[in-house]
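Reviewing the structure listed below.
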Amino acid sequence: MIIKEHRDEILSYLEDSSNFSKGNCEKVFIPENEQEVIEIVNMCNAQNMPLTVSGAGTGTVGGRIPTQGSVISVEKLNRIINIEKDRAVLQAGTIVNNFLAEIDKIGSFYPPFPTERNAFIGGNVSTNASGEYSFRFGATRKYVLRVKMVTGAGNVIEIPRGKFFADKNGVIKTDFLTVKIPSYITPPIKCSAGYFSSPGMDLIDLIIGSEGTLGVITEVEVMLIKKLPDRFIMIFFLPSEDRMFEFINEVKQKFIKDMYTFEFFDNASLFFLRNDFPEIPENCCAFYIESTDTTELMERWLELSEKYNAIDVWVGGDPKSYQKLIDFRHRLPENINAYFRKLKITKISLDIAVPEKNFRELVTLYRKFSRESGIQTVLFGHIGENHLHFNLFPVDEKERNIARQIYLSCVEKAISLGGTIAAEHGIGKIKYPYLRMMYGDGGINDMIMIKKTFDPKGLIGRDNLFPAELLFQK
Ligand SMILES: Cc1cc2nc3c(=O)[nH]c(=O)nc-3n(C[C@H](O)[C@H](O)[C@H](O)COP(=O)(O)OP(=O)(O)OC[C@H]3O[C@@H](n4cnc5c(N)ncnc54)[C@H](O)[C@@H]3O)c2cc1C
């Protein structure tokens, strides 16, 4: 086991991809096997020392940043234990990119990986990550077959999918614990807000998306599918957003079974890509689509582009142009973050998704705020899943106050429309007030009871999902 205690060795564990800046910790433990994980958790229990689980630190909500106590980093638990055509067993610290490269060699594919492929598989399971293919294949949850975890109490538990279910009273009984699932129901859309809950649910789904609050995941078994067939990417540059919903509806009606990815970039987002891709037309918005590669389909897509008066259409068919368009998609979040970091402007970013029938209403609200607030905004992301990232960049305190108000209004709207306040990035240490708005005090109390079942002393992942002091209220 490696133990880091010097300030300069610890600093990198006090950050992730969020702006959360209250990181503080005494030690970083880096175990090299499960036995060492157990020892660390037991020692923390004996000393009443809070322990925060760290993956690769690519999270965007401060989840792996400790506020007190110590960190356990799974970076050395990085072994690919076994790979078969349809499944793989991985230690939690396996880097997603390495895993994808290995399974590619045997013609298999793991669909839910996030855009950030330096993340660890354990981090992906803990946040229920989703990515460019989740429009077609769903999020991480759907692919997790088994989880092995050292609970906050120091017990090793192994949960295969399909073994432990909630009964009609919402109670899951096993030989190692009895737990009552939350009384709320997680909206049946892309969602990473709080513990998953659904009548008759499988225990494994409580662990997936629990953001390091129940224990240290050491090993996961995931389902693989066959390598995808040949595909091309197209980017349609449309002259305005006026016919956006007409376009979305037509695409979904006519092409959905052949599509893999369906993303959107507004004109303001394209600004951040022009340095890398100077040929992007002016004054337009873009739809990014990955489709099965057939001549017949290509012709139908081009007909569609004519119907909507596309200013330009880019096609990535051969490996080089395909990769160029993948880069187009991936560069945006990085470029936006780099640009505003330089200007020392902190973005306020929404991660809301709503049911399809209410999506237009939410986008109309975003557009009203972009027009009326005077604050610089961008709108981009997973339009196929009714999930766009609406980012605001306030330049001073006055704008920051307005942006916070806008955030609140959008959250209220999303909840009223049956949506989620966190579709893929989770809650971490920064979105508790909105989680509370979504599920109420009753829902938060249900989560606290669950946490105490796995972690009676409330030591693991403190301040994730809800503030630690709520755990100790009488
Ligand atoms: C440029 C960029 C693009 C991104 N794109 C996407 C995207 O497309 N989709 C998406 O969903 N996310 C995306 N993210 C967010 C991030 O990549 C995911 O949330 C990812 O799953 C985090 O994994 P990680 O290993 O970095 O976890 P960390 O950031 O280290 O931790 C995240 C949370 O998981 C917990 N955790 C980590 N490992 C374990 C473990 N072994 N046991 C228990 N708890 C654990 C931590 O305590 C923390 O609460 C993006 C981030 C960036 C910077």
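What the table below lists for this structure:
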{"item": "Pair list, Cβ < 7 Å and 6+ apart or interchain, from the stretch 56-68 residues that are part of a loop (DSSP other than H, G, I, E, B) to residues that are more than 8 Å from the ligand (Cβ to nearest atom) and among the acidic types (D, E)", "result": "G57/E15; I65/E15; T67/D463"}
{"item": "Filter result for A88 (at pLDDT 95 or above, assigned to a loop (DSSP other than H, G, I, E, B), buried (at least 22 other Cβ atoms within 10 Å of the Cβ) and of a type outside the set (S, T, N, Q))", "result": "no"}
{"item": "Single unsatisfied condition, I450 versus (1) modelled with pLDDT of 95 or more; (2) touching a strand residue (DSSP E or B) at 6+ places or on another chain (Cβ under 8 Å); (3) within 13 Å of the ligand (Cβ to nearest atom)", "result": "(3)"}
{"item": "Selection status of D242, in contact with a helix residue (DSSP H, G or I) (Cβ under 7 Å, 6 or more places away or on another chain) and of a type in the set (D, E)", "result": "no"}
{"item": "Unmet criterion (only one of (1) closer than 27 Å to F20 by Cα; (2) crowded, with 20+ Cβ neighbours inside 10 Å) for N337", "result": "(2)"}
{"item": "Looking only at the stretch 403-446, and only at residues there that are more than 16 Å from the ligand (Cβ to nearest atom) and of a type in the set (D, E), the one that is farthest from P467 (Cα to Cα)", "result": "E412"}
{"item": "Number of the condition not met by E34 [criteria: (1) surrounded by fewer than 21 Cβ atoms within 10 Å (Cβ to Cβ); (2) more than 13 Å from the ligand (Cβ to nearest atom)]", "result": "(2)"}
{"item": "Close pairs (8 angstrom Cβ cut-off, 6 or more residues apart or separate chains): among the acidic types (D, E) in the stretch 454-474, assigned to a loop (DSSP other than H, G, I, E, B) anywhere", "result": "D455/G152; D455/A153; D455/T213; D455/L214; D463/T67; D463/K429"}
{"item": "Answer from I185, I172, I189, I204 - the residue that is away from the ligand (no atom under 11 Å from the Cβ) and under 16 Å from D441 (Cα atoms)", "result": "I185"}
{"item": "Subset of the stretch 1-23 [hydrophobic (A, V, I, L, M, F, W, C), farther than 19 Å from A119 by Cα and in a loop (DSSP other than H, G, I, E, B)]", "result": "M1"}
{"item": "From G62, G69, G55, residue being within 12 Å of the ligand (Cβ to nearest atom) and either at positive phi or of a type in the set (K, R) (or both)", "result": "G62"}
{"item": "Hey, L362 under 27 Å from the mean Cα position of the chain (by Cα), within 30 Å of S416 (Cβ to Cβ), within 14 Å of the ligand (Cβ to nearest atom) and part of a helix (DSSP H, G or I) or not", "result": "no"}
{"item": "Test: residue in the stretch 194-210 that is crowded, with 18+ Cβ neighbours inside 10 Å, at positive phi and in contact (Cβ under 8 Å) with a residue 12 or more places away in the chain", "result": "yes"}
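Condition check ((1) out of contact with any strand residue (DSSP E or B) (no Cβ under 8 Å at 6 or more places or on another chain); (2) assigned to a helix (DSSP H, G or I); (3) more than 11 Å from the ligand (Cβ to nearest atom)) across all residues:
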| residue | (1), (2), (3) |
| --- | --- |
| E102 | no, yes, yes |
| P114 | yes, no, no |
| S126 | no, yes, no |
| R136 | no, yes, yes |
| L145 | no, no, yes |
| V150 | no, no, no |
| E158 | no, no, yes |
| D167 | no, no, yes |
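The values are calculated or read from the model by the stated rules, or taken from the named source; none is laboratory data. Keep in mind the model is a prediction, meaning the values are calculated, not measured. Positions of Cβ are generated from backbone atoms using ideal geometry, with glycine treated the same way; all protein chains shown enter the neighbour counts.
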